[in-house]
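K.L.:
This is the structure I want to talk about, given as structure tokens.
The values are calculated or read from the model by the stated rules, or taken from the named source; none is laboratory data. Because the structure is a prediction, the values reported are computed rather than measured. As a convention, Cβ positions derive from the backbone with ideal geometry for all residues, glycine included, and neighbour counts pool all protein chains shown. To get the accessible areas, we keep the full protein, side chains included, count just its heavy atoms, and leave off ligands, DNA and RNA. Shrake-Rupley method; radii C 1.70, N 1.55, O 1.52, S 1.80 Å.
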Amino acid sequence: MRLIQYRDRKDERRVGIVNGSHIQALDQVATMRELALLALQRSTGLERQAQLLNTDQSEDYAAILAEARILAPLDHPDPAHCRVSGAGTTHLGSATTRDKMHRRLEGDELDKTDTQLMIEWGIAGGRPAPGEVGVQPEWFYKGDGSSVVAPGQPLPRPDFALDGGEEPEIVGLYLIDDQGCPRRLGFAIGNEFSDHVMERRNYLYQGHSKLRHCSFGPELLVGLPPAHLVGMTRIRRKGRVIWEQEFLTGQDNMCHSIENLEYHYFKYSHLLHAGDVHVHFMGAANLSFAYSLRTEDGDSIEISIPDFGAPLVNGIAHVTSVFRAGGVKPL
């Protein structure tokens, strides 16, 4: 089952089931989080609860997308209670890409980069037996719910940024239950938009490079995704495709199991506040930056994985930072 969040023609929030070219609206709940909380309360599971609330009301899916009424498939009414984070060096296909990006000098083959070491550790110990603990992945913080841009909307590139490039990923979506246990709703396509020029300048700048807006959706695929996924990234400039590349993701193409990534994120008890939602990017296999492409304001990024339904499309827009040097004022 694939679910979306959207606004109807009365500008009211709705949750819907994707049914081909149409969306079947759900009754009683206005948000995905409400649907998940109801499923927990009634011990039904997310898919079954959605089926129970299904109505005969339908909308044209293409119209929802064209009229920019689509929303990210999971959020929180208070953005401060939505945590957005990610894991890196998780994909077998990213070894060459990331290693090349993190070399200080082209052609430097004398020593292994930290990226290469992390990939090797992941291959050796990132897929432990179920219930056992494997090696840690790379981890980073992106922001709270205010950093999430709806599908179809432009990703802001701040004036202090050196770059703004896509990272096509699958994203785990979670709700913390009343006992502090993470509950996985499912997965979505994600664009973990980052500043790769800054990251390449010095790997210790990675924390800064990741504090950018991101997007995921438009659809939430309930449960675990297929183990082998084939996606496509396309970047358009003035309507013309200037770069495209296929990418592989899913657990069969990763050096960490999804269970291991989840453990090394949710093992920190101070993240497990009841009612909070979490958006966790699972890592990218490739990115256009590694092929010397530099995006520009006005470009459009499309990431598609057929198993996830409609593609994720976002533009890029320059924004002027409100905060300036010396802007902190004494109280």
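K.L.:
Those residues that are in a loop (DSSP other than H, G, I, E, B) and loosely packed, with under 13 Cβ neighbours inside 10 Å, I need them from the stretch 263-276; list them, please. If you could, list the steps in order and put the result at the bottom.
P.N.:
Taking the stretch 263-276 first, the residues in a loop (DSSP other than H, G, I, E, B) are 267-268, 272-276.
Residues satisfying the conditions are 267, 268, 273, 274.
K.L.:
Among the residues of the stretch 121-154, how many are touching a strand residue (DSSP E or B) at 6+ places or on another chain (Cβ under 7 Å) and either among the charged types (D, E, K, R) or farther than 30 Å from residue 65 by Cα (or both)?
P.N.:
Of all residues in the stretch 121-154, those touching a strand residue (DSSP E or B) at 6+ places or on another chain (Cβ under 7 Å) come to 137-145, 147-154.
Filter once more, so that each one left must be either among the charged types (D, E, K, R) or farther than 30 Å from residue 65 by Cα (or both): 137-140, 142, 144.
Count: 6.
K.L.:
Which condition does residue 92 not pass, out of (1) touching a helix residue (DSSP H, G or I) at 6+ places or on another chain (Cβ under 7 Å); (2) modelled with pLDDT under 60; (3) among the hydrophobic types (A, V, I, L, M, F, W, C); (4) open to solvent by 50 Å² or more (accessible area, probe 1.4 Å), if it passes all the others?
P.N.:
It fails just one condition, (2).
K.L.:
Across the stretch 102-157, what is the number of residues that are modelled with pLDDT of 85 or more, over 15 Å from the mean Cα position of the chain (by Cα), of a type in the set (A, V, I, L, M) and not in a helix (DSSP H, G or I)?
P.N.:
Selection size over the stretch 102-157: 3.
K.L.:
Quick one: what pairs do we get from the stretch 119-148, first residue under 13 Å from residue 256 (Cα atoms) and of a type in the set (Phe, Trp, Tyr), second modelled with pLDDT under 95 and open to solvent by 10 Å² or more (accessible area, probe 1.4 Å), C-beta under 8 Å, 6+ apart or different chains?
P.N.:
Taking only residues 6 or more apart or on different chains, the pairs are 121/135.
K.L.:
Here's another thing I want to ask about it. Could you look through the stretch 67-90, keep only residues that are aliphatic (A, V, I, L, M) and in a strand (DSSP E or B), and pick out the one that is farthest from the chain's Cα centre (by Cα)?
P.N.:
At the first step, the residues of the stretch 67-90 found to be aliphatic (A, V, I, L, M) are 68, 70-72, 74, 80, 84, 87.
Retained after the next criterion (residues that are in a strand (DSSP E or B)): 70-71, 84, 87.
Numbers: 70: 16, 71: 14, 84: 8, 87: 10 Å.
Ranking the candidates gives 70 first.
K.L.:
Provide a single number: the residues in the stretch 291-309 that are open to solvent by less than 20 Å² (accessible area, probe 1.4 Å) and either more than 20 Å from residue 234 (Cβ to Cβ) or of a type outside the set (Phe, Trp, Tyr) (or both).
P.N.:
Of the stretch 291-309, the ones open to solvent by less than 20 Å² (accessible area, probe 1.4 Å) are 295, 299, 301, 303, 305, 308.
Filter once more, keeping what is either more than 20 Å from residue 234 (Cβ to Cβ) or of a type outside the set (Phe, Trp, Tyr) (or both): 295, 299, 301, 303, 305.
Of the residues in the stretch 291-309, 5 are open to solvent by less than 20 Å² (accessible area, probe 1.4 Å) and either more than 20 Å from residue 234 (Cβ to Cβ) or of a type outside the set (Phe, Trp, Tyr) (or both).
K.L.:
Could you go through the stretch 5-12 and let me know if any residue there is open to solvent by 20 Å² or more (accessible area, probe 1.4 Å), more than 20 Å from residue 278 (Cβ to Cβ), within 22 Å of the chain's Cα centre (by Cα) and of a type outside the set (Ser, Thr, Tyr).
P.N.:
yes
K.L.:
Has the stretch 50-63 got any residue that is touching a Leu at 6+ places or on another chain (Cβ under 9 Å) and touching a residue at least 40 places away in the same chain (Cβ under 8 Å)?
P.N.:
yes
K.L.:
Right, here's the next one. Which residues, taken from the stretch 110-134, are open to solvent by 20 Å² or more (accessible area, probe 1.4 Å) and touching a Cys at 6+ places or on another chain (Cβ under 8 Å)?
P.N.:
Answer for the stretch 110-134, where residues must be open to solvent by 20 Å² or more (accessible area, probe 1.4 Å) and touching a Cys at 6+ places or on another chain (Cβ under 8 Å): 123, 127.
K.L.:
Then there's this: Mind checking which residues of the stretch 61-75 are among the charged types (D, E, K, R) and either open to solvent by less than 70 Å² (accessible area, probe 1.4 Å) or closer than 14 Å to residue 26 by Cβ (or both)?
P.N.:
First, pick out the residues of the stretch 61-75 that are among the charged types (D, E, K, R): 67, 69, 75.
69, 75, listed by residue number.
K.L.:
Okay, next question. For the stretch 310-331, which residues satisfy the criterion of being among the β-branched types (Val, Ile, Thr) and either open to solvent by less than 60 Å² (accessible area, probe 1.4 Å) or at positive phi (or both)?
P.N.:
Here is the first cut: in the stretch 310-331, the residues among the β-branched types (Val, Ile, Thr) are 313, 316, 319-320, 322, 328.
Scanning the stretch 310-331 gives 313, 316, 319.
K.L.:
Would you confirm whether or not the stretch 195-213 contains a residue that is open to solvent by less than 40 Å² (accessible area, probe 1.4 Å), in contact with a strand residue (DSSP E or B) (Cβ under 9 Å, 6 or more places away or on another chain), in a strand (DSSP E or B) and at pLDDT 95 or above?
P.N.:
No: zero hits.
K.L.:
Looking at (1) touching a Ser or Thr at 6+ places or on another chain (Cβ under 8 Å); (2) of a type outside the set (D, E, K, R); (3) within 19 Å of residue 149 (Cβ to Cβ), which is the one condition that is false for residue 232?
P.N.:
Failed condition: (3).
K.L.:
Residues of the stretch 135-160 being among the hydrophobic types (A, V, I, L, M, F, W, C) and open to solvent by 20 Å² or more (accessible area, probe 1.4 Å), which ones? Spell out how you get there, then give the answer.
P.N.:
Taking the stretch 135-160 first, the residues among the hydrophobic types (A, V, I, L, M, F, W, C) are 135, 139-140, 148-150, 155, 160.
135, 139, 148, 150, 160 - these are the residues of the stretch 135-160 that are among the hydrophobic types (A, V, I, L, M, F, W, C) and open to solvent by 20 Å² or more (accessible area, probe 1.4 Å).
K.L.:
Right, here's the next one. Within the set of pairs 6+ apart or on separate chains, which have a first residue in the stretch 76-87 that is at pLDDT 95 or above, a second that is in a loop (DSSP other than H, G, I, E, B) and of a type in the set (Asp, Glu), and C-beta atoms under 9 Å apart?
P.N.:
Qualifying pairs under 9 Å: 76/276; 81/276; 82/75; 82/276; 83/276; 86/167; 86/192.
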